[in-house]
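Please read the structure below before turning to the comments.
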Amino acid sequence: MYETLNRYNHGAFQVVGFLDDDSTKADKIIGTCTILGTSQTLVQMAKKNAIDVAVIAITKVKQPDLMRALLEVKSAGVEIYDMPAFYEELTGKLPVDHLRDGWVAYTRFQGMQRRAYTIRIKRLTDIVLSIVGLIVSLPLCIATALAIKVDSKGPILFKQTRIGLNRRPFDLIKFRTMTVGREHDRQFAGQMDDPRITRVGRIIRKLRIDELPQMWSVLKGDMSFIGPRALIEEEVNEFEQKIPYFSLRHSIPPGITGWAQVNYRHGATLKDGLEKLKYDLFYLKNLSPLLDLHILLKTAWVVLFPQRRQVNCSRVCKECAEICRRFCRSSFSSDRIAMEKSTIGTFMVFDFRALICYIFLAFCHPRFPVRR
């Protein structure tokens with residue numbers, strides 16, 4: 001948790017220290033911080049160091065004395081997080097390898113709820129966008145088809161069986177980007193310098209043009225515009241055996257783009273599968289119109305500026321805060337703008353100016369997380 005905080009903090013938090021009931025760890029230094037005492041000193045330490053946030057990162061059952069101490073500091077204004085919730089706020093993903101069955105069972109996953117948006121509105125949006133997208137992209141698709149035909153021998157389109165909603169297989173169609181006959185050579189999967197990829201294939205992959213035929217799968221209902229990446233059955237079988245909660249990603253249709261696709265590079269290893277599942281479960285938990293809008297905007301950012309997937313968040317946060325103050329006349333904190341989850345959502349319902357502010361945030365701050 002300390003390493004994660006250092007990586008994603010961007011100046012929003014300053015770690016004061018740790019508390020641990022293991023007496024052998026007393027005064028031990030972790031990074032630049034010290035273990036200050038045991039959980040019995042929580043109230044005292046919170047008052048002494050003016051603590052704003054306390055993160056509980058223990059796997060054992062919480063003792064009654066600790067719970068009373070947590071309630072006391074909470075009543076004094078200290079925000080209390082369990083580790084998965086704080087990790088989620090900080091990184092925009094869920095710590096899959098540190099989740100407990102009880103936490104998963106009792107946590108509300110918006111993507112699993114039978115709501116109007118997930119059942120009707122999202123599907124209607126997919127139909128409209130796929131029809132418009134297929135019509136608008138027709139000239140580009142024709143040009144791409146001609147380029148593929150001239151560049152290498154073989155069919156223009158590539159069809160492969162993928163696993164979709166409720167683990168149902170379907171045929172996914174893309175523009176062919178590989179040399180015919182080498183599609184099933186998995187040893188190069190996910191590599192940047194994949195020798196199987198053709199010259200035209202490298203260009204259309206970089207611009208994501210090879211994904212355009214997938215809009216037909218969206219129109220048919222096999223896919224959505226936004227969701228987890230559709231995987232082949234071999235990958236699904238391997239990851240389900242080795243990665244906890246991997247099957248949860250099949251609770252919603254796979255997508256052309258998604259929270260994992262815009263935040264993490266393409267890869268086919270077990271490590272890549274685990275990392276992408278962290279993003280997929282975050283999306284499944286927080287699925288909403290605002291998050292879908294953010295992903296669409298961030299997809300445009302990644303396609304237009306592939307080398308600028310990440311930005312200097314410390315600088316951009318302060319700039320975004322100033323823009324928000326001007327447009328929304330609100331009191332955003334420049335130190336915590338990257339984790340603001342309610343103000344933007346509230347304003348977007350009632351104030352069109354916040355929509356302009358949000359679009360600015362989504363383009364200029366690709367890591368800006370959105371909640372429902």
So, in region 65-84, exactly how many residues are closer than 22 Å to D21 by Cα, touching a helix residue (DSSP H, G or I) at 6+ places or on another chain (Cβ under 9 Å), without any contact (Cβ under 8 Å) to a residue 60 or more places away in the chain and hydrophobic (A, V, I, L, M, F, W, C)? 6
Meets criteria (small (G, A, S), surrounded by 14 or more Cβ atoms within 10 Å (Cβ to Cβ) and either out of contact with any Cys (no Cβ under 7 Å at 6 or more places or on another chain) or assigned by TED's automatic domain parsing to the domain that holds L287 (or both)) for S75: no
What do you reckon, is L281 within 17 Å of the chain's Cα centre (by Cα) and modelled with pLDDT of 95 or more? yes
When region 100-117 is examined, which residues are found to be within 18 Å of K285 (Cβ to Cβ) and either among the acidic types (D, E) or free of Cβ contacts under 8 Å to residues at least 12 places away in the same chain (or both)? D101, G102, A105, Y106, Q113, R114, R115
Just to be sure, is A300 closer than 17 Å to Q214 by Cβ, assigned to a helix (DSSP H, G or I) and at pLDDT below 90? yes
With R265, R229, R249 as the choices, which residue is over 11 Å from the mean Cα position of the chain (by Cα), among the basic types (K, R) and in a helix (DSSP H, G or I)? R249
Output yes when any residue across region 233-240 is touching a helix residue (DSSP H, G or I) at 6+ places or on another chain (Cβ under 9 Å) and within 19 Å of Q113 (Cα to Cα), and no when none is. no
Confirm whether D21 is on the phi > 0 side of the Ramachandran plot and either out of contact with any helix residue (DSSP H, G or I) (no Cβ under 9 Å at 6 or more places or on another chain) or not in a helix (DSSP H, G or I) (or both). no
Tell me which helices (runs of 4 or more DSSP H) are completely within region 76-163 and hold 2 or more residues being small (G, A, S), or say none if there are none. 101-106, 122-136, 138-151
Being in a loop (DSSP other than H, G, I, E, B), closer than 30 Å to A260 by Cβ, free of Cβ contacts under 8 Å to residues at least 40 places away in the same chain and under 31 Å from the mean Cα position of the chain (by Cα): is that true of I58 here? yes
Boolean, T107 is in the same structural domain as L212 (by TED's automatic domain parsing) and at negative phi: no
The residue from R167, R120 that alone is more than 20 Å from the chain's Cα centre (by Cα), surrounded by fewer than 15 Cβ atoms within 10 Å (Cβ to Cβ) and free of Cβ contacts under 8 Å to residues at least 12 places away in the same chain is R120
Going by the conditions given, is D272 of a type in the set (D, E), out of contact with any strand residue (DSSP E or B) (no Cβ under 7 Å at 6 or more places or on another chain) and at pLDDT below 90? no
Which of the following residues is farther than 22 Å from F13 by Cβ and surrounded by fewer than 17 Cβ atoms within 10 Å (Cβ to Cβ): G102, G133? G102
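The values are calculated or read from the model by the stated rules, or taken from the named source; none is laboratory data. Computed from a prediction, not measured in an experiment: that's the story for all the values here. A quick note on method: Cβ atoms are made from the backbone with ideal geometry, for glycine too, and the neighbour counts reach across all protein chains shown.
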